[in-house]
Structures are given as structure tokens and as C-alpha cells.
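Asks: Okay, handing you the structure first.
Readers should treat all values here as calculations from the given coordinates under stated rules, not as data from a laboratory. Fair warning: this is a prediction, and the values are worked out from it, not measured in the lab. Here Cβ is always computed from backbone atoms with ideal geometry, including for glycine, and neighbour counts include all displayed protein chains.
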Amino acid sequence: MPEAAHPSAAEIYPTLPIDAPSGAELYRALGYARGALPAPAMAERIARIVDDALPRLQPRGVYALYAVTHRTAHSLQLESVTISGSIGEYLKDAERVAVFAATVGEEISQFAAEAGKSGDAFAAWIIDAVGSWAAEAAAEALMARIRPHLGEQQALTLRYSPGYCGMEMAQQRKLFALVQTDAIGVTLLPSLLMHPLKSISGLVGLAPQAAIQQYRSPCEICPRTTCHMRR
């Protein structure tokens, strides 16, 4: 087996502050087209469900920072661990990469399940969307904790996660070997899904600002042109 990789920096955040979602953020998570709004009565009902769901969120995160020791267009090596996929191309200008995980805990999913079991499929759908939005918000809050490691004229790239951006889901195992996910209660199931379900893992590069301005978003070459989360 390869030697364990040793990050140059690592932090665990048992709590991460996130703000309540704006209407635009929430409606996008619910699948509304940009600029579209629900009818007033529907918006009021959604707001009530969201108010009940927000206290169930437990945002937390962890990251580990590594130097890139080798790369090709289809691989990225972080010390002894090689991540395969187009990630090597997307992060070609990053000399360092942060491996991260963020979650909002299990309670929000349990709350959605309870609503579904009680026959309120609409509430279950809204609560699930709140959990998805909050996981993204927790990941963004974690990015703010990584930014102090940026050098002069550097910026963070987009976030890249297994299952997207040219990385197969199986690469998830390698990411979990690089960051202490158990410190925030996140585990990897045999199915390669994470538990809690409302969790995000991935990579983010620390690269020159000038290079980042030329990056193509992987969404630009993804065939799912109708995806409401398209960046």
C-alpha cells in the first residue's frame, strides 16, 4: 500500500455559520427557472416549511491542503494518492489542492422523511431542497476558511466533486483517504454515497488569478443543458 499522505495544513470545523437562503437561492434549489417566482400563497407556505427546517441544520466541515506532485490531463497526484479523471485538466494550474468535505447532518433528512411518512409530500420536497441548498452553503462557508492559504495574486478554482467533472464516483474512496471526514461525522457507504446524505466532498485548487479567469466551467461541456444547478 502507498504511504499515507500528509497535508501541509488541515482544519476541522464542528460548526460553520451559514445564512438563511434568499428567495432566489431557495427557488433555484426547488427547480424554478431563474427569475421565476411561485404564487404568493405558495411562497408563504414554502417560507413556513423553510422556517421549520432551518433549525434542523448542523453545518460543519473539514479540509486538508496538499501540494500537487504530478499531473496529466487525466490525473492529479497529491503526494502518494492519484485522483483519476479530467480533474487533472481542470486543475492544471493549481500548485496546491484542498480536499474537503462539508455536511449539514442527518437531522434534516430525518425531518424530510417524517414529513413524507405523514403524507405531506410537498413539505418533504421542500425540506429536502433546504438540505441540498444548505450543504452547498456549508461548502461555500468552508471555502472561506481555505482562502487564507492563498498566495499573492491567487484565487480558488471552482469546486470539483466525484460523480461530476470527469471524476468517477469510485474516486470518492481516494478523497476520503486524504481528509478526516469522520471528524465531522461523514462516512462513505459501500454504494459510494455519503452519510449523512446532505454532504459534499471534493477538490478545490489554489491557482493564479490570471489562469482561473481562463478556466472553462465543466458545465460548459456537460450535455445536461437543462440542469437547474448549471454553473
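Asks: What's the longest piece of the chain with no exposed GluC sites (Glu not before Pro), counting a site as exposed if DSSP puts it in a loop and it has at most 14 other beta carbons within 10 Å?
Replies: The longest uninterrupted stretch comes out as 4-94.
Asks: Which whole-angstrom value gives the distance between the alpha carbon centres of region 180-206 and region 1-73?
Replies: 13
Asks: If you don't mind, another one. Run the reach check for residue 198 against lysines, Cα to Cα strictly under 26 Å, same-chain hits fewer than 8 apart removed. What comes back?
Replies: Filter leaves 117, 174.
Asks: Springs between alpha-carbon pairs under 10 angstrom, Gaussian network model over the chain: which of 53, 170, 135 fluctuates most?
Replies: Of 53, 170, 135, the most mobile in the Gaussian network model is 170.
Asks: Oh, and also: Computed FRET efficiency, Cβ-Cβ of residue 213 and residue 191, R0 30 Å: what is it to the nearest 0.05?
Replies: 0.20
Asks: What residue among 162, 55, 196 shows peak mean-square fluctuation when the chain is described by a Gaussian network model with Cα springs under 10 Å?
Replies: Maximum among the listed residues: 55.
Asks: Based on Cα positions only, what radius of gyration and what Dmax would you give for region 56-204, in angstroms?
Replies: Spelled out, the Cα radius of gyration and Dmax of region 56-204 are 16.4, 54 Å.
Asks: Restrict the search to region 1-76; then list the chymotrypsin sites (Phe, Trp or Tyr not before Pro) that DSSP places in a loop and that have at most 16 other Cβ atoms within 10 Å of their Cβ. Don't skip to the answer; put the middle values down first.
Replies: Working: sites: 27, 32, 63, 66; in loops: 32.
Those satisfying the criteria are 32.
Asks: Per residue of region 188-194, in order, report the coupling 6.51 cos²θ - 1.76 cosθ + 1.60 (Karplus, θ = phi - 60°) as ³J(HN,Hα) in whole Hz, putting x for Gly and Pro.
Replies: 9, 7, x, 6, 6, 6, 9
Asks: Can you list residues whose amide H is under 5 Å from residue 68's amide H, if they're 5+ apart or on another chain and H is modeled 1.01 Å from N?
Replies: HN-HN under 5 Å from residue 68: 96, 97.
Asks: Under a crude label model (7 Å from the Cα following the beta-carbon direction), how far is residue 41 from residue 67 in nanometres?
Replies: Here the answer is 6.5 nm between the modelled labels.
Asks: Of 164, 141, 206, which is farthest towards the positive pole of the chain's charge dipole, taken about the Cα centre with +1 and -1 on the beta-carbons of Lys, Arg and Asp, Glu respectively?
Replies: Farthest along the dipole direction, towards plus: 164.
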